[in-house]
Amino acid sequence: MQRREFMALGAATLASGLTAAQTASVPTPRATHPETLTQKPLIFDPKTLDGLSEKMIVSHHDNNYVGAVKRAKLIEEKIVALSSSANPFEFGALKREQMVALNSMILHEYYFDALGAAAAMDGKLKSMLESSFRTVGEWENEFKKLALSLSGGSGWVFLVYNERLKRLENVWSWDHMHSLWDSKIILALDMYEHSYQMDFGSNAKGYIEAFFKNINWNVVNSRVSAIA
Ligand SMILES: [Fe+2]
């Protein structure tokens with residue numbers, strides 16, 4: 001601190017009636033980070049999807065995804081504003097809700113970003129799938145079967161690369177907070193009923209097949225390129 005700044009602080013402290021020690025003990029409020037919680041638009045034209053309606057995709061994005069981003073911002077503001085006298089269970093409840101909202105935001109971005117364009121798997125992705133599942137077809141069958149196991153309920157299915165296992169694996173999540181740690185998401189399929197009820201009713205199998213027809217493999221390839 002420059003001498004001039006020190007003198008100014010001392011004058012301000014005296015003017016406020018606080019001692020320097022008292023001033024130092026006043027905690028600086030933790031900052032919020034709204035710039036990290038901005039909603040992402042769809043990066044494809046939802047009219048161009050094959051078998052997934054524009055109405056359903058836009059509703060899913062604008063209500064469920066954007067709602068999660070807004071909740072994450074609001075919860076962060078409440079956490080920052082929470083007084084130090086709050087009970088641990090109040091703080092813990094907010095932190096739990098923060099994790100639900102943040103993970104919902106992040107997982108929906110993985111889901112929407114990998115939709116929307118005709119493309120093909122590249123050699124690296126195929127090779128890694130064959131190494132982990134024997135054939136690409138066996139991976140796809142397993143992924144779809146896992147997704148179908150969540151029909152009528154809620155959750156996510158992921159193709160992940162796990163750093164501990166050093167291979168690709170299909171994993172499921174019964175909510176936004178349940179996953180295999182140390183994993184990098186390669187492909188995410190939203191199996192909450194809100195993601196398909198409007199177009200498919202309870203026909204989860206039809207939704208899963210439509211999802212596969214609309215995967216933007218260029219995005220999936222780039223996620224694989226980034227891990228190794
Ligand atoms: Fe969703």
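Part of a loop (DSSP other than H, G, I, E, B), surrounded by fewer than 18 Cβ atoms within 10 Å (Cβ to Cβ) and among the hydrophobic types (A, V, I, L, M, F, W, C), is that true of Ala119?
yes
Could you check how many residues of the stretch 172-228 are buried (at least 18 other Cβ atoms within 10 Å of the Cβ), β-branched (Val, Ile, Thr), farther than 13 Å from Tyr110 by Cβ and more than 15 Å from the ligand (Cβ to nearest atom)?
Residues that pass the stated criteria total 1.
Please go through the stretch 34-91 and give me each residue that is within 16 Å of the ligand (Cβ to nearest atom), outside any helix (DSSP H, G or I) and open to solvent by less than 90 Å² (accessible area, probe 1.4 Å), ordered by number.
Those that are within 16 Å of the ligand (Cβ to nearest atom), outside any helix (DSSP H, G or I) and open to solvent by less than 90 Å² (accessible area, probe 1.4 Å): Lys40, Leu42, Leu49, Leu52, Ser53.
So Gly152 ticks every box in (1) of a type outside the set (D, E, K, R); (2) under 13 Å from Tyr110 (Cα atoms); (3) within 16 Å of the ligand (Cβ to nearest atom); (4) free of Cβ contacts under 8 Å to residues at least 60 places away in the same chain but one. Which box is left unticked?
Condition not satisfied by Gly152: (2).
Condition first: open to solvent by 50 Å² or more (accessible area, probe 1.4 Å) and either under 17 Å from Ala31 (Cα atoms) or of a type in the set (Asp, Glu) (or both). Now tell me which residues in the stretch 92-101 satisfy that.
Lys95, Glu97
The values are calculated or read from the model by the stated rules, or taken from the named source; none is laboratory data. Source: prediction; values computed, not measured. So basically every Cβ, Gly included, is an ideal-geometry build from the backbone, and we count neighbours across all protein chains shown. Keep in mind that these areas ignore ligands, DNA and RNA; they rest on the heavy atoms of the full protein, side chains included. Shrake-Rupley method; radii C 1.70, N 1.55, O 1.52, S 1.80 Å.
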